[in-house]
Each structure stands twice: as C-alpha cells, then as structure tokens.
Amino acid sequence: MIHILAFLLFIALTFQSAVAIIYAPIGCYKDPLEEPRPLPELIENFRDGRVNWTNLNHTIAACAEAARKKGYLYFGLQFYGECWSGPQDKLNYARNGSSKNCDKGVGKDRANFVYKLPEECVNYRVLDSADRSMTNENKQGLKCDHWNFGFVRDVWYRFTGAAGQTMPDKCVSAGKCQTIMSGWMDGKHPQVDDGIQKRKACFSAENNCCKRKTDIHVRNCGEFYVYKLPSTPGCYLRYCGSGVSQNMNA
Ligand SMILES: *[C@@H]1O[C@H](CO)[C@@H](O)[C@H](O)[C@H]1NC(C)=O
Ligand SMILES: *[C@@H]1O[C@H](CO)[C@@H](O)[C@H](O)[C@H]1NC(C)=O
Ligand SMILES: *[C@@H]1O[C@H](CO)[C@@H](O)[C@H](O)[C@H]1NC(C)=O
C-alpha cells in the first residue's frame with residue numbers, strides 16, 4: 001500500500017513539474033528589508049529543505065504556482081528559497097531600484113528576482129455547472145451563452161467542477177449541455193509555450209457539427225486551460241464542458 005502511494009506521489013510530482021505554469025522574468029530589485037517590503041507577503045518559504053540546489057528552476061516554478069493559487073500576478077524569489085508576493089495594490093517591487101545581487105533566476109540576500117504570471121491565468125471566471133457538461137442530455141430549461149441572456153462576453157473562462165476541465169475538442173452532437181446547438185472547440189489544445197492561440201468554436205445541429213461558428217482564444221496555463229469566449233452568435237447556443245473531472249485541487 002505504502003509503495004503504491006509513494007509511486008502515485010512520484011507520478012503526481014513528476015506530472016506537476018512537467019506541466020508547470022509559465023511566467024515572464026521582470027528583473028532583479030533591491031529589498032532593503034524595510035517594512036512594508038517591496039513584495040509585502042512571504043507566501044512560501046522553500047528554505048525548509050525544499051530548495052533543489054542543482055536546479056533552482058524547480059523552486060521558481062513552485063513559487064509561481066503558489067502565487068497563482070493566491071490570485072497574485074507578480075512574485076519574486078529572495079535568498080534563493082523565499083517566495084515573496086502580494087496583492088496588486090500593495091506591490092512596489094521596483095521601489096528601491098534595481099539590484100545586481102541575483103543569480104540563476106533568484107535573488108540572493110536583500111534582492112528579489114521578480115516574475116509576472118500571464119494575467120489570464122490568474123484573473124478568470126469559472127464555468128462549473130453540471131448542466132454545462134457535454135454528457136448532459138436534459139432539454140428542459142434550455143440555456144444560451146448570449147450576452148442578452150446575461151453571459152459575460154469576451155473575458156477569460158476556466159472550465160472546472162461538474163462542467164468538466166476543458167472544452168471538448170471533438171464534435172459534440174446537438175442537444176447536449178442544456179441547449180439546442182452544442183458548442184465545442186475545433187482544433188487541438190495548445191502547449192504551455194504556445195501562448196494565446198486563436199481557435200474556432202463550432203455549434204452543432206442535426207447532421208452538421210459546425211452549423212454555426214465563432215472565433216475564440218485559448219491558453220494553456222500549465223495545470224489547466226483558459227478560454228476567451230465571445231457571446232454566442234444566437235440562441236440557443238452554448239459552450240459545453242468536457243464533463244470529465246480530473247485533478248480538482250488546482
Ligand atoms: C532554468 O530556466 C532558464 C530559463 O528558462 C534556462 O535558461 C536555464 O537553462 C534553466 N536552468 C537549468 C539548470 O535547467
Ligand atoms: C533536482 O534537479 C535536478 C536537475 O533538474 C533533477 O535531476 C533532480 O531530480 C532534482 N531533485 C529533486 C529532489 O527534485
Ligand atoms: C526604499 O524606498 C522607500 C520608498 O521610496 C524609501 O522610503 C526608503 O528610504 C528606501 N530605502 C532605501 C534603503 O533606499
């Protein structure tokens with residue numbers, strides 16, 4: 001039993017580092033240790049034995065994930081293993097000027113090496129209702145992702161919960177996910193390195209998987225995807241979720 005658990009943990013950790021979130025380097029900045037600190041919150045301290053000294057990129061990636069989970073856009077590493085961040089309105093990472101005291105992508109003492117996460121991977125809305133799942137064949141109380149029906153258009157969405165973790169990328173037949181013309185994404189999901197990609201969302205009718213369509217955007221955030229969705233081109237059209245729940249702890 002212990003062996004199996006250890007093996008699963010190994011798989012989980014391997015998987016996690018393989019799909020790590022992306023972040024852009026901003027630079028090395030001084031932190032004179034005066035309160036409030038330029039990045040005000042110590043959100044995690046990896047100096048408890050979790051710094052991998054042969055490759056600090058693992059520590060940077062773990063700090064990125066910790067910041068994302070808190071909904072923070074910027075983070076910095078100081079003293080190799082301290083992960084500093086904070087809410088947008090309390091950040092002042094460049095306050096005391098730039099520093100030369102960084103190495104291998106992290107700050108040494110009294111310096112933060114600062115990074116920024118992609119905004120759409122931090123600030124998104126969720127679509128998580130069970131009726132949105134492509135496995136839902138109920139046709140009572142049809143729904144529509146049109147602005148006139150209250151759908152907030154042109155913002156980033158993450159599919160999660162009972163709706164599923166992604167948009168389906170193969171034809172979903174008409175009448176699924178509590179609508180008449182069921183929406184799915186025509187094209188593969190991108191890799192982390194691909195950045196924001198353009199795709200088509202198709203809406204299926206009887207005998208036609210792509211009777212109506214619209215342009216959408218998609219981004220791979222590492223452990224999940226986000227989609228920028230416009231209003232559907234009519235009603236009843238709706239974006240379906242894959243309905244397959246996987247890793248729900250992200
Ligand atoms: C860490 O990441 C940077 C930037 O992606 C890369 O240039 C560097 O080679 C990586 N370091 C190691 C030890 O893999
Ligand atoms: C530390 O990083 C090296 C190089 O990426 C890797 O081979 C090694 O498995 C890592 N060690 C741990 C404990 O994660
Ligand atoms: C750091 O910046 C703050 C705000 O501008 C300033 O009050 C403080 O004196 C600076 N500290 C140093 C050591 O330069």
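Quick note: the coordinates plus some simple rules give every number you see, no bench work behind them. Nothing here was measured: the structure is a model prediction, and the numbers come from that model. Backbone-built Cβ (ideal geometry, glycine too); neighbour counts: all protein chains shown.
Quick notes
- Degrees between helix 57-70 axis and first principal axis of the chain (Cα, 0 to 90, nearest 10): 60 degrees
- C-alpha center-to-center spacing [region 174-196, region 93-123] in angstrom: 35 Å
- For the chain, cysteines whose Cβ has no other cysteine Cβ within reach (under 4.7 Å): none
- A full extension of the chain between L142 and D154 corresponds to an added length of 2.1 nm, given 0.36 nm per residue minus the alpha carbon distance.
- The chain, helix-only ellipticity at 222 nm - DSSP H runs n ≥ 4, -39,500 (n - 2.57), divided by all residues, nearest 500: -4000 deg cm²/dmol
- GluC sites (Glu not before Pro) lying in DSSP loop within region 113-147, provided at most 16 other Cβ fall within 10 Å: E137
- Between K70 and N123, the simple label model (points 7 Å from Cα in the Cβ direction) yields a spacing of 1.8 nm.
- Violating pairs (Cα-Cα greater than 31 angstrom) within the set K69/K100; K69/K139; K139/K188; K100/K188; K116/K211; K143/K188: K69/K139; K100/K188; K116/K211
- Most fluctuating residue given options S98, S173, S182, as computed from a GNM of the chain linking Cα atoms under 10 Å: S98
- Square roots of 5 times each gyration tensor eigenvalue, C-alpha, the chain, largest first, Å: 41, 21, 14
- Separation of the K211 and R50 label points, Cα + 7 Å toward Cβ, nm: 5.1 nm
- Seen against the Cα atoms of the chain and their longest principal axis, helix 2-18 is set at about 90 degrees.
- For the chain, with +1 on Lys and Arg beta carbons and -1 on Asp and Glu, the positive-most of Y29, S133, L77 along the dipole: S133
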